[in-house]
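Down below is the structure, laid out as structure tokens.
The values are calculated or read from the model by the stated rules, or taken from the named source; none is laboratory data. As the structure is a prediction and not an experimental result, all values here were calculated from the model. Every residue, glycine as well, gets a Cβ built from its backbone with ideal geometry; the counts of neighbours run over all protein chains shown.
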Amino acid sequence: MRLMQMVIDGLEFARRDNRACGQLAVAELQRVAEFLVSAKGELDCEVRGGQSEDDRGHFELRLKIKGELQLRCQRCLGALRFPLNLNKRLRLVGPGAEWPEDNVEDEGSDAVEASGEMGVGSLIEDEVLLALPISPRHETCNTPQQQGTKQDASPFAVLRNLKTD
């Protein structure tokens, strides 16, 4: 089954130490599409269930997402290569259970509500969205001025030439 359409029972998946892995086409990430110049490529993804390694032993999902996105630079609107290498732990909180006060123990951990129908594709897409920069930009861009026009040219120079006496 394809990862984007896969639906799991989160707690049962974690209790059984299940694992799902495969490739997810960037084009399938519809909520990410507005940030992309190109939807070509694939992401290597793995979702693994299990218990946490700390003394509490709560159930969690571990997500690994690796690949590359072609984002749109917000300065020059050109393509910006954005490598992804995510390792996230999602602590599963049962329906009606109390949310942990320390739900974010470190940068690689979050808490999510476990349900009987958790979309694996949605979990992956959520983590990709959270990893995107707020305003992706190149360190230095090739702006139109740098591509051959005069640095001191006025944007109104063309209008000045149209002026009639």
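Of all residues being among the acidic types (Asp, Glu) and under 13 Å from the mean Cα position of the chain (by Cα) in the stretch 2-41, which is surrounded by the fewest Cβ atoms within 10 Å (Cβ to Cβ)? Just the residue, please.
As a first pass, look at the stretch 2-41 and keep what is among the acidic types (Asp, Glu): 9, 12, 17, 28, 34.
Cutting the leftovers down to under 13 Å from the mean Cα position of the chain (by Cα) gives us 28, 34.
Details: GLU28: 18, GLU34: 7.
Filtering the stretch 2-41 for residues that are among the acidic types (Asp, Glu) and under 13 Å from the mean Cα position of the chain (by Cα), the one surrounded by the fewest Cβ atoms within 10 Å (Cβ to Cβ) comes out as GLU34.
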Notebook entry, point to check: Would you pick out the residues in the stretch 64-78 that are under 14 Å from PRO133 (Cα atoms) and assigned to a strand (DSSP E or B)?
Noted result: GLU68, LEU69, GLN70, LEU71, ARG72
Checklist line | Failed criterion for HIS138 (all others in (1) farther than 30 Å from ARG15 by Cβ; (2) surrounded by fewer than 10 Cβ atoms within 10 Å (Cβ to Cβ); (3) modelled with pLDDT of 85 or more hold) | finding: (2)
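What number of residues in the stretch 49-63 are assigned to a strand (DSSP E or B) and crowded, with 17+ Cβ neighbours inside 10 Å?
Result for the stretch 49-63: 7.
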Item checked: Checking PRO95 against (1) touching a strand residue (DSSP E or B) at 6+ places or on another chain (Cβ under 7 Å); (2) buried (at least 17 other Cβ atoms within 10 Å of the Cβ), the condition it does not meet -> (2)
Item checked: Candidate set: the stretch 43-75, residues that are out of contact with any Cys (no Cβ under 7 Å at 6 or more places or on another chain) and among the acidic types (Asp, Glu); chosen: the one farthest from GLY119 (Cα to Cα) -> ASP55
